[in-house]
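One structure is given below, encoded as structure tokens.
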Amino acid sequence: MSRAWVPRRLRTRLFLSYVVVVAAGAITMVVVGAAVTRTVYERRLGGFGVGRGQGGATGPSESQLTSALDDSLIPALVFGVVAALVVAAIVAMIVGARLLRPIDELRAATRRMAAGDFATPVPVPTEAELASLANDVNDLGEHLATIERRRTQLLGEVTHEMRTPITVIRGQTEGLIDGVITPSAEVFAGLADEASRLQRIVDDLTMLSRADEGTLEIDLTDLDLGAVAAGAAERLRPQFEYAGVDLVVDLGDPPEPLPVRGDIDRLTQALSNLLGNALGHSPTGGTVTVRCGRQNSVAFADVIDEGPGIPADEVDRIFERFYRADGTGTARSGRGIGLTIARSLARAHGGDVVLAAARPGARFRLTVPVSERAGVPAPPTTR
């Protein structure tokens with residue numbers, strides 16, 4: 001059903017309802033008027049000595065007939081108009097109540113939503129004109145219910161994640177005040193680290209919230225996804241070297257141009273999160289590989305590690321906020337939202353982050369639509 005068709009149908013129904021009211025009034029006026037006219041007319045003729053079944057050589061004069069007709073029309077019109085108005089009002093109330101019943105139900109539903117009740121759906125009326133409106137209100141209710149669930153979940157997640165650093169900061173601060181802890185550079189550095197952790201949690205959650213709401217600002221420019229992936233890898237290479245994990249970037253031989261439209265900072269963050277996740281699950285002496293390429297109209301960057309992989313019962317949960325587990329189900333360090341943020345940032349670019357392979361090791365793929373625009377920088381050489 002098209003939206004342009006619905007208003008025309010509604011206008012037609014309203015027009016027909018007016019016609020019904022007017023027609024009912026007109027018919028009532030004609031019927032009552034005819035009956036009253038006949039009755040009054042016969043009475044007037046009876047006053048002139050003329051009645052039913054009476055005969056006579058002479059009948060009433062023309063002036064008498066005119067007078068009788070005039071006297072009968074006025075009360076006929078009065079009674080007809082009054083009766084027509086009464087009948088039209090009754091018909092209008094019946095028709096109006098039928099037309100307004102679904103609208104009243106919609107009003108009641110919107111008031112329930114305003115009060116926070118999103119679970120009670122609006123009954124879909126039989127009138128096709130209002131059924132689409134009721135469906136829209138129900139869709140709105142479901143959307144608001146989803147937002148409310150996300151808000152409640154976010155509050156619980158924030159409370160859980162912030163509890164540890166706040167507890168540490170509070171404990172050390174109280175220890176300093178009571179003299180239990182001796183002030184030192186190490187103590188203050190620890191407090192600063194916990195404060196920084198709180199700030200990162202807030203920043204990450206703010207980004208996730210904006211991405212979910214579709215309000216995340218994306219500064220699109222012409223990029224090469226291979227160059228972005230290589231840059232992200234170089235930024236994290238010191239961490240890999242410190243952990244004893246090799247980091248390999250494979251852009252092809254020769255490197256294949258991967259032109260995309262994207263925000264370099266957002267894509268770098270998404271790839272850095274994938275690399276950080278791979279580093280956290282890689283054993284010492286292992287290798288993490290970044291492999292870029294193109295598949296049809298999509299550019300991709302795979303991040304492959306040699307860790308234990310992801311069990312089947314955890315595959316559906318790895319993109320959940322704050323879910324942290326390794327291949328054996330043991331909780332690991334980290335905030336547990338790196339993959340969630342990476343996926344949100346990729347989707348903000350029209351792409352996605354998916355688990356391409358779970359075992360052995362794990363392979364996450366970031367995809368971004370290819371752009372055929374000119375001016376994209378050439379990919380770097382493979383290291």
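Tabulated results
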{"quantity": "Index of the failed condition, Arg170 passing every other in (1) of a type in the set (Lys, Arg); (2) surrounded by fewer than 13 Cβ atoms within 10 Å (Cβ to Cβ); (3) modelled with pLDDT under 80", "calculated": "(3)"}
{"quantity": "The listed residue being part of a strand (DSSP E or B) and in contact with a helix residue (DSSP H, G or I) (Cβ under 9 Å, 6 or more places away or on another chain), out of Val228, Val202, Val290", "calculated": "Val290"}
{"quantity": "Scan of the range 154-204 for residues that are among the acidic types (Asp, Glu) and within 25 Å of Glu320 (Cβ to Cβ), ordered by number", "calculated": "Glu157, Glu161, Glu194, Asp203, Asp204"}
{"quantity": "Number of the exception - Glu256 against (1) part of a loop (DSSP other than H, G, I, E, B); (2) in contact with an Asp or Glu (Cβ under 7 Å, 6 or more places away or on another chain)", "calculated": "(2)"}
{"quantity": "Residues located in the range 259-285, provided they are out of contact with any strand residue (DSSP E or B) (no Cβ under 7 Å at 6 or more places or on another chain) and outside any helix (DSSP H, G or I)", "calculated": "Asp263, Pro283, Thr284, Gly285"}
{"quantity": "Unique residue being at pLDDT 90 or above and out of contact with any Phe, Trp or Tyr (no Cβ under 9 Å at 6 or more places or on another chain) when the list is Thr381, Thr289, Thr330, Thr367", "calculated": "Thr289"}
{"quantity": "Filter result for Thr146 (surrounded by 13 or more Cβ atoms within 10 Å (Cβ to Cβ), modelled with pLDDT of 75 or more and out of contact with any Asp or Glu (no Cβ under 7 Å at 6 or more places or on another chain))", "calculated": "no"}
{"quantity": "Yes/no for Glu194 being farther than 29 Å from Gln295 by Cα and either surrounded by 16 or more Cβ atoms within 10 Å (Cβ to Cβ) or in contact with a Ser or Thr (Cβ under 7 Å, 6 or more places away or on another chain) (or both)", "calculated": "yes"}
{"quantity": "Arg111, sole failed condition from (1) within 13 Å of the chain's Cα centre (by Cα); (2) at pLDDT 80 or above", "calculated": "(1)"}
{"quantity": "Thr167 vs. criteria assigned to a helix (DSSP H, G or I) and of a type outside the set (Gly, Ala, Ser)", "calculated": "yes"}
{"quantity": "Number of the condition not met by Thr221 [criteria: (1) closer than 30 Å to Ile147 by Cα; (2) surrounded by fewer than 15 Cβ atoms within 10 Å (Cβ to Cβ)]", "calculated": "(1)"}
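The values are calculated or read from the model by the stated rules, or taken from the named source; none is laboratory data. Note that the structure is predicted; figures quoted are calculated from it, not measured. Here the Cβ is made from the backbone with ideal geometry for all residues, glycine too, and neighbour counts use every protein chain on show.
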